[in-house]
Amino acid sequence: MEDLTLYQFALCPFCHKVRAGLELKGLAYRAVEVNPMTKKELPSLPSDAPRKVPVLVHGDRVVFDSTAILAYLDEAFPAASFTPTEPGARTRSIEIEDWTDTELIAALPTVIYGTWREAIKAAQVTARTSNFGLLHNLSVRAGGSLIMHQIAKRILKKHGKQDGHAWVASTMDRFEAWLGDQDYVTGTELSVGDVAVHGALTCVAEFPIFEEIMRRPRIATWYGRMSTRREAARAAHAS
């Protein structure tokens, strides 16, 4: 099999969404951490591609945009498909993936950058995990929290929200309604909706909001099921 390379940024929920997809299919891949300032690590991109992560390279194929990447993985590696067989479930899974991209992923930065304490934590995680040079690393640790806090305020204003925690709580209310008592959001089959939400939530696992979300028993049980499946797929590939 040709090598898979994922160009990513550690605190990018769209990148975590792709990583969830790769790992749930049990695919080995190389992760390249991209400096978010210079982006010099990115490969040559198609003319219509934005210079942003995630980008997946598979042989001579270069795929950008997390939704397009997950669709490509299902096409290239159909085992452990993310596409439900029943048409209604398939439609719902696409709806949930789109909602994850436009609503959930928009809300999450407001609770990992929203207060000064949260923003400082996010700056520390970014500095620790990112591909920065020494000076960039020091500047992120020193001033990154200010920038991140301002970003959170701008996101709230753009979406007409006042409270990031209330916004995330409402997204989790909606997700719980979709999930109900099912194993996965469309019933008994894993779908791209599950992959997208699990990836987004994994992105904030180091932050207090994750513990808050995991106090919801239905979501915690689903998240544990997804994590177990992800670990089993990784282990099966490694054995």
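The values are calculated or read from the model by the stated rules, or taken from the named source; none is laboratory data. Note that this is a predicted model, so its numbers are computed, not measured. Cβ: placed from backbone, ideal geometry, glycine included. Neighbour counts: every protein chain shown.
Summary table below
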| read-out | value |
| --- | --- |
| Residue match in the stretch 37-45 (condition: outside the structural domain of Phe210 (by TED's automatic domain parsing), over 16 Å from the mean Cα position of the chain (by Cα), more than 25 Å from Ala238 (Cα to Cα) and of a type in the set (Gly, Ala, Ser)) | yes |
| Selected residue (criterion: modelled with the lowest pLDDT) from residues of the stretch 158-213 that are among the polar types (S, T, N, Q) and in a loop (DSSP other than H, G, I, E, B) | Gln162 |
| Total residues in the stretch 19-75, condition in contact with a Cys (Cβ under 8 Å, 6 or more places away or on another chain) and among the hydroxyl-bearing types (Ser, Thr, Tyr) | 1 |
| Count of residues meeting criterion [of a type outside the set (A, V, I, L, M) and surrounded by 11 or more Cβ atoms within 10 Å (Cβ to Cβ)] in the stretch 44-58 | 3 |
| Count of residues meeting criterion [in contact with a helix residue (DSSP H, G or I) (Cβ under 8 Å, 6 or more places away or on another chain) and surrounded by fewer than 18 Cβ atoms within 10 Å (Cβ to Cβ)] in the stretch 75-93 | 3 |
| Unmet criterion (only one of (1) touching a residue at least 60 places away in the same chain (Cβ under 8 Å); (2) over 14 Å from Trp99 (Cα atoms); (3) in contact with an Asp or Glu (Cβ under 7 Å, 6 or more places away or on another chain)) for Ile219 | (1) |
